[in-house]
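Novice: Shown below is the structure under consideration.
The values are calculated or read from the model by the stated rules, or taken from the named source; none is laboratory data. Computed from a predicted model, the values in this text were never measured in an experiment. Because the Cβ atoms are built from the backbone with ideal geometry, glycine has one as well, and the counts that use them run over all protein chains shown. Just the protein is used for accessible areas: all its heavy atoms, side chains included, with ligands, DNA and RNA removed. Shrake-Rupley method; radii C 1.70, N 1.55, O 1.52, S 1.80 Å.
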Amino acid sequence: MSRRGDWSRLDETDVRVRPGRGTRPRSKRRPEHADALSAMVVGKDRGRWTCAVEGDKDRLLVAMRARELGRTPVVIGDRVDVVGDTSGGPDALARIVRVAERTSVLRRTADDTDPFERVVVANAARLLIVCALADPPPRTGFIDRCLVAAFAGGLQPTLCLTKSDLADPAELLGKYAELDLPVVITRRDEEPAELRALIGDEVSAMVGHSGVGKSTLVNRLVPSAFRAVGVVSGVGKGRHTSTSAVALPLPGGGWIVDTPGIRSFGLAHIEPNDIVSAFEEFVEAAEECPSGCGHLGPPADPDCALDTVVADGTATPGRLASLRRLLGSKAGVDDTAPAAD
């Protein structure tokens, strides 16, 4: 019997090894890029990101995503590390090699059934919810949904009411009295001095329906922005004037992120407990609720424990009502009705 037929007599010389495709050994190690510069993403256009080195508005460069990042998402506000040609010249192109952990994230989905969430902006300290008092009329459902997204994402929500020369804000403000929500009221014939002082040197994101005066505010805050200003149609709907999110440097420091006007704010990615966590007095009681409780109270959630917090005097009924209104908005309450309804 030959050696090839006798397995007990085989040795390493009888084993055929298929040669590799190359002589270069494979490795999972990646370059450390110790010389990378830190930057903030302030714009995006067709697979290229504009970055401000060290957050300096005068040190801008364009970068692509490095191959080792794969499909790692990079959005406006991200803190990144860049290498390569960081001169910022007309033909210079750097590479984004790292994306830092985010301190806050504003997310939305197209609607409440869409499983794919979209990150609108990262690392913003404040969310300015811009709402016109008239023309178009305010929609509390949209405001509530923005509040939910802000609370869940770690941003400080602020209500920015525009066109106060057309309507009294008292009725709308009454709906949010229990939320301790910062409010700034502006009008078209006055400078937004209070808003400018509030946002200071931080990164703030601005959201709102088209036609509410968002671009007008941006042009006041950043005179060099030249964001397009639209008009409101005869049916009370605005025309989209901002088509992409962009971070604009404020004259006194900080950045304002102007986002495109949107008609809906989906919350498919947010759970009820994400909202409750923003109301400290209800967090402990929520842990006693049965599994799957939506915290809406009877009849939807008859065994919800949040009512006990009001019963023992730890929270006011208005505070719980405000929380449940936000939870109801997350659950799909119609947000098309104006505030007066």
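Novice: How large a share of the accessible area of region 79-181, in percent, is made up of carbon and sulfur atoms when the probe is 1.4 Å and the other protein chains stay in place?
Specialist: 47
Novice: Of all DSSP beta bridges in region 80-196, what percent run antiparallel (nearest 5)?
Specialist: 45
Novice: At 0.36 nm per residue, and after removing the present C-alpha to C-alpha distance, how many nm does the segment from ALA331 to PHE116 gain when stretched out fully?
Specialist: Full-extension gain reported as 75.7 nm.
Novice: Counting other Cβ atoms within 10 Å, which GluC sites (Glu not before Pro) in region 36-112 have at most 15 and lie in a DSSP loop?
Specialist: GLU54, GLU101
Novice: What net charge is computed for the residues neighbouring ALA268, neighbours being all others with C-beta under 14 Å from the C-beta of ALA268, Lys and Arg scored +1, Asp and Glu -1?
Specialist: Summing Lys/Arg as +1 and Asp/Glu as -1 gives -1.
Novice: Which peptide among 121-129, 323-331 comes first, and what is the full order, when sorted by highest mean count of other Cβ atoms within 10 Å?
Specialist: 121-129, 323-331
Novice: Heavy-atom accessible area per residue, region 72-204, 1.4 Å probe: how many Å²?
Specialist: In whole numbers, region 72-204 has 43 Å² accessible per residue.
Novice: Under 15 Å Cα-Cα from LYS44, which aspartates and glutamates qualify once same-chain neighbours fewer than 8 residues away are excluded?
Specialist: ASP78, ASP258
Novice: If packing is taken as the average number of other Cβ atoms within 10 Å across a peptide's residues, how do 39-46, 294-301 rank, most packed first?
Specialist: With the highest mean Cβ count within 10 Å placed first, the list reads 39-46, 294-301.
Novice: Taking the inverse of the average 1/r across all pairs of different Cα atoms in region 63-125, what Kirkwood radius in Å do you get?
Specialist: 13.3
Novice: With +1 on each Lys and Arg Cβ and -1 on each Asp and Glu Cβ, and nothing else charged, work out how big the dipole of region 66-221 is about its Cα centre, in Debye to the nearest 20.
Specialist: 380
Novice: Place a +1 charge on the Cβ of each Lys and Arg in region 51-118 and a -1 charge on the Cβ of each Asp and Glu, then give the dipole magnitude about the Cα centre in debye, rounded to the nearest 20.
Specialist: Computed about the Cα centre, the dipole is about 120 debye.
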